[in-house]
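J.: Attaching a single structure in structure tokens format; questions to follow.
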Amino acid sequence: MLMPAPEQDIIAQRLDLIAALRALVPGEGVIADETSLRAFECDGLTAYRQLPLVAVLPSTVQQVSDVMKLCNSRGVKIVPRGAGTSLSGGALPLADGVLLGLGKFNRVLDIDWDNRCAVVQPGVTNLGITRAVEHRGFYYAPDPSSQIACTIGGNVAENSGGVHCLKYGLTTNNILGVEMVLMNGDIIRLGGKHLDAEGYDLMGIICGSEGLLGVITEVTVRILPKPTTQRAVLAGFPTSESAGDCVAKIIAAGIIPGGMEMMDRPAIHAAEDFVHAGYPRDVEALLIIELDGPPAEVDDLLLRVRAIADACGAVNCRVSQNEDERLNFWAGRKAAFPAVGRISPDYLCMDGTIPRKALPLVLTRMGQLSEKHGLRVANVFHAGDGNLHPLILYDANNPGELERAEEFGADILRLCVEVGGVLTGEHGVGVEKRDLMPAMFTEADLAQQMRVKCAFDPNHRLNPGKVFPVLHRCAELGRMHVHKGQLAFPDLPRF
Amino acid sequence: MPETFIPSGTTDVADLVKWAAAETRPLSLHGHRSKAGLGRPAQTEYALDMSRLSGILDYEPAELVLTLRPGTLVSDVEKLLGARNQMLAFEPPDYGPLWGGAAARGTIGGAIGCNLAGPRRFKAGALRDHLLGFIAVSGRGEIFKAGAKVVKNVTGYDLPKLVCGAYGTLAALTEVTLKVLPAPEKTRTVLVFGLDDARAIQALAAAAASPHEVAGLAHLPAAVAALSGVAYVARAGTGVTAVRIEGTDISVKARCEALRDLLGSFGAPLEELHSMNSAWLWREIRDAAAFALPQDRLLWRLSTAPLSGPTVTAVIAQAQPEARFFYDWAGGLVWLSLPPADDAHAALVRGAIAGNGGGHATLIRADLATRAAVPVFQPQPEALAALSRRVKDSFDPMNILNPGRMAPSAGT
């Protein structure tokens, strides 16, 4: 993984830059010693590590603006960071860049019950929002697996999802407003407590921009009343085809479950060995289908889902009879990543989305790729929305094995694109999938995305080296190659 | 009248825009012109009629995706989906009659350009929440795509969000993929009669905060309720507050029961609308049908924090006793009809919003002169306006596509 070559003249000014930053952010807000900087050397994608030039932890919006203005004027790069849980290396530091940590922005500013929203600082954790509102029966819907640790600012940057997003949407569908700071230090507010933008939907583009467009300093999120009832069906299937068929038939029957998860045999075994959730071991695929809502609706739909599962050849079909049992059904799925961590020293978690109908084909081809690369793979799958999480097992202590795992992963993602899917459903491109972007996008597609980047950050100082394989200069991207009189009047029907 | 080109494919559009960019000849983009009255008036020498780029390309109900050409009529899409018990969950309104046009002439491309959304907006999202991907021609004449054809995707910037509500000023769409969802088996509406606006919005807030998964929350003051085509509503003689429930048969019955208990605590009489009456009422609310006539009255669409709705209208009504209005989205969407005025009462309307929790107002209907003089879309603070101009430049550096439709062009 090649990052942009560090700019030596910037590194040479390090001490001067630290002094200038200390004038803006007093006390412990500027971190420059190597031991303390170690804490920031990687995010959730631990295969890549880099010490930042210096880390800054501002505590006010004005400080964020001042730091960005300073860096912009000196041509210094900035890498924003929330809790550092990104699985795609979105917060990987740069040797010649300032790491801007938002951890001190950890307060819930306002809970507006009547308007059903909360205004929070970006460093508040995803689960922290739900904790702040659940005593009155509300919650914040998107629930990425890292929700104990990941922050709402990071969720906005990555447009995070979770197991419930088929029914309740991703981050972008659940936020009402943001305050953000542009690279030039401008502080802007988008949205508020009302719906929809008055001009261009800039909040829509900020969400999922992976820290390349601006730094989020405040977020207004929608809070929803908690469903009264949640019950789950656990169903094993003799083949992945029959499980996939069951998922398609549930949706074709007009049912959108709160969550619908699939695991393949290796994932089932790893999870069962770890948490003893009572999963059947003699099946090729396992579905967990959760229905939530008013009790009458849940009871009604459970019967229908059960009937569909039976018709699709489900074995060991069980319906949760109480909350303990429901949580137990989920325990294995939620522990799937650490469970795989027990059977392999290291694993890479991939994140493609495919049209669901392509699942049997993709699983067969993935088996062939597993043999080709000589590495095992376990699959967990947000089956409702086609978001696949293959876990590639490897041992970093064996020379060359990480590289093989990365090649295997790249092959899987190319396969996802080949069948009509995408490189990433919820983890982001970051550095991990950056060089695969041309598998999905043409040069013209990427050029237009980069031009939008130029509108926010014309000198590419904000989180460079992420998302785009080659970052062209904005002047070059903006050039138009046509001149008057060289193009014929178009020969089209007209009136 | 501008000279109008009628392209039939993506490359036609690209050739034309490339020529227009090279010659600096701005283009107006349109489908059937059902919403031509919306936006700042902009005169161009040439126009691009996108309505021939129509038709379904791929529809897979089990994958919840629909790929089509943007010139397709919204009404045709709804028929197609309805046959498979699916729907466009953002419930696209039909605004054509607001400017005296025929009903059901709007295209999907127009719906995207205006980021349309009906009463289900607060639960299911607007069009922006359902556009998964597109192919388009930028103002540079370049063909590019963004997003994808699957329901969950974060690869690259979410440009589909940006083209929603951009009024054709960024790119000419030539193929789009929408997320579709199952249609509810059953719909019912609980009505509450006689609440004043503030109490009504509190009742809607209580319903919204309940776990009964409501899918429509509107309040019609007496003067607007009287215009309804639904007899129960028109004959009430009072304000009518409406709460919509959707789902399976058993579930809808149970939740209606629970909601009647909840809303009964407001001490006002209740009624229930079933099937046809319920559908008719929500279509009227969706299309702001009460304000289609008379057409010389100004029409504003206000987006506010839900509970601020009645506070904002109270300020306006005090200064303009002839103001008529009703509330959707639990109070967060206010449709406001005012007598004609050269300034469209813009300072009053926007000032009332600014002083009561913020939001924005769009001047939906006014004559040409008024729309040329009064900002149709909410003016933005300078840093944000400058960013928006840079975003426009990034797609359309020569200002070829619908110049001036949203904001005045630079230099004019």
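We did not get these values from a lab; they are worked out from the coordinates using the rules stated. Being a predicted model, the structure only gives us computed values, none of them experimental. Here Cβ is always computed from backbone atoms with ideal geometry, including for glycine, and neighbour counts include all displayed protein chains.
J.: With 10 angstrom as the radius, rank B:His130, A:His269, A:His460 by how many other C-beta atoms surround their C-beta, starting from the fewest.
T.: Numbers: B:His130 25, A:His269 16, A:His460 20.
With the sparsest Cβ surroundings first, the list reads A:His269, A:His460, B:His130.
J.: Restricting attention to the alpha-carbon atoms of region A:80-145, what are Rg (one decimal) and Dmax (integer), both in Å?
T.: For region A:80-145, the Cα radius of gyration and maximum Cα-Cα distance read 14.5, 47 Å.
J.: While we're here: On a C-alpha basis, how far is the centre of region B:197-240 from the centre of region B:269-339 in Å? Whole number, if you could?
T.: About 10 Å separates the Cα centre of region B:197-240 from the one of region B:269-339.
J.: Continuing with the same structure: If you rank A:Asp299, A:Asp457 by fewest surrounding Cβ atoms within 10 Å, what's the result? Mind showing how you got there, number by number?
T.: Working: A:Asp299 15, A:Asp457 21.
The fewest-first ordering by Cβ neighbours comes to A:Asp299, A:Asp457.
J.: Related question: Using amide H atoms built in the peptide plane, which far-off residues or other-chain residues are under 5 Å from A:Val315 H to H?
T.: A:Gly236, A:Phe237
J.: What average number of partner chain Cβ atoms lie no more than 10 Å from the Cβ of the residues making up B:388-398? Walk me through the numbers on the way to the answer.
T.: Numbers: counts 6, 2, 6, 9, 3, 4, 12, 4, 0, 4, 2.
For this peptide, the per-residue mean of nearby foreign Cβ atoms is 5.
J.: Next question. Please report how far the C-alpha centroid of region A:236-277 lies from that of region A:353-391, rounded to the nearest whole angstrom.
T.: For region A:236-277 versus region A:353-391, the Cα centre distance is 13 Å.
J.: Report relative contact order for chain B in percent, whole number only (criteria: Cα-Cα under 8 Å, sequence separation at least 6). Display every interim value, and only then the final one.
T.: Numbers: 901 pairs, mean separation 77.2, N = 412.
That works out to 19 percent.
J.: Here's a follow-up. Suppose we keep just the alpha-carbon trace of region B:244-329; what are its Rg and Dmax in angstrom?
T.: Considering region B:244-329 through its Cα atoms, Rg and Dmax are 16.4, 48 Å.
J.: Can you compute 3J(HN,Hα) from phi for each residue in region B:311-323, using the Karplus curve 6.51 cos²θ - 1.76 cosθ + 1.60 with θ = phi - 60°, rounded to whole Hz and x for Gly and Pro?
T.: With the stated coefficients, region B:311-323 comes to 5, 5, 5, 5, 4, 5, 5, 5, 7, 10, x, 7, 5 Hz.
J.: Dividing the Cα convex hull volume of the protein assembly as shown by residue count, how many Å³ per residue is that?
T.: Numbers: hull volume 143.8 nm³, N = 907.
Spelled out: Cα convex hull of the protein assembly as shown, divided by residues, is 159 Å³.
J.: Take peptide B:137-146, look around each residue's Cβ out to 10 angstrom, count Cβ atoms belonging to other protein chains, and average those counts. Could the numbers behind the result be given before it?
T.: Details: counts 0, 4, 1, 9, 3, 7, 3, 10, 6, 5.
For peptide B:137-146, the averaged partner shielding equals 5.
J.: From Cα pairs below 8 angstrom and at least 6 apart in sequence, can you work out the relative contact order of region B:186-286, rounded to a whole percent?
T.: Numbers: 167 pairs, mean separation 44.4, N = 101.
Worked out over region B:186-286, it gives 44 percent.
J.: Taking the Cβ of A:Glu401 as the centre, find all other residues whose Cβ is under 9 Å away and add up their charges (Lys, Arg: +1; Asp, Glu: -1). Can you show the working numbers first?
T.: Numbers: positive: A:Arg404; negative: A:Asp346, A:Asp395, A:Glu403.
Within the 9 Å Cβ shell, the charges total -2.
J.: List the pair-distance distribution P(r) of region B:293-373, using every Cα-Cα distance, as the percent of pairs falling in each 5 Å bin from 0 up to the bin containing the longest distance, rounded to whole percents.
T.: Here the calculated profile for region B:293-373 is 3, 17, 31, 26, 16, 6, 1.
J.: Counting each DSSP H run of 4 or more residues in the protein assembly as shown as -39500 (n - 2.57), what helix-only mean residue ellipticity at 222 nm follows after dividing by all residues, to the nearest 500 deg cm²/dmol? Write out the running numbers ahead of the final one.
T.: Working: 32 runs with 302 residues, N = 907.
Here the helix-only value at 222 nm equals -9500 deg cm²/dmol.
J.: Across 5 Å bins from 0, what is the distribution of all Cα-Cα pair distances for region B:49-182, in whole percents?
T.: 2, 11, 21, 26, 22, 12, 5, 1, 0
J.: Each residue of region A:107-117 in turn: what ³J(HN,Hα) in whole Hz from Karplus with 6.51, -1.76, 1.60 and θ = phi - 60°, glycine and Pro shown as x?
T.: 10, 7, 8, 7, 10, 9, 4, 5, 8, 6, 8
J.: Sticking with this one: Per the protein assembly as shown: cysteines with no other Cys C-beta under 4.7 angstrom?
T.: Lacking a cysteine Cβ partner under 4.7 Å: A:Cys42, A:Cys71, A:Cys117, A:Cys150, A:Cys165, A:Cys207, A:Cys317, A:Cys349, A:Cys416, B:Cys114, B:Cys164, B:Cys256.
J.: With only alpha-carbon pairs counted, each pair once and no self-pairs, how large is the Kirkwood hydrodynamic radius of chain A in angstroms?
T.: Values: mean 1/r = 0.0415 Å⁻¹.
About 24.1 Å, per the Kirkwood formula over Cα pairs.
J.: Follow-up question, since we're still on this one. May I have the count of lysine pairs in chain A with C-alpha atoms under 19 Å apart, counting pairs 8 or more residues apart or located on different chains?
T.: Taking chain A as the scope, the lysine pair count is 11.
J.: Test of understanding: ordering B:Lys392, A:Lys249, B:Lys161 by Cβ neighbours within 10 Å, fewest first, what list do you get?
T.: Values: B:Lys392 24, A:Lys249 17, B:Lys161 28.
Placing the least packed residue first, the sequence is A:Lys249, B:Lys392, B:Lys161.
J.: What is the pair-distance distribution P(r) of chain B, computed from all Cα-Cα distances in 20 Å bins starting at 0, with each bin given as a whole percent?
T.: Spelled out per bin, shortest first, that is 27, 57, 16, 0.
J.: Please work out the Cα center distance from region A:116-157 to region B:79-107, rounded to the nearest Å.
T.: Comparing the Cα centres of region A:116-157 and region B:79-107, I get a distance of 36 Å.
J.: From the phi angles alone, apply the Karplus equation (6.51, -1.76, 1.60; θ = phi - 60°) to region B:103-116 and give each ³J(HN,Hα) in whole Hz, x where the residue is Gly or Pro.
T.: Running phi through 6.51 cos²θ - 1.76 cosθ + 1.60 with θ = phi - 60° gives 7, 6, 9, x, 9, 4, x, x, 4, 5, x, 9, 6, 5 Hz.
J.: Which whole-number percent gives the relative contact order of region A:6-85, counting Cα pairs below 8 Å spaced six or more residues apart?
T.: On the way: 60 pairs, mean separation 24.2, N = 80.
Rounded, it is 30 percent for region A:6-85.
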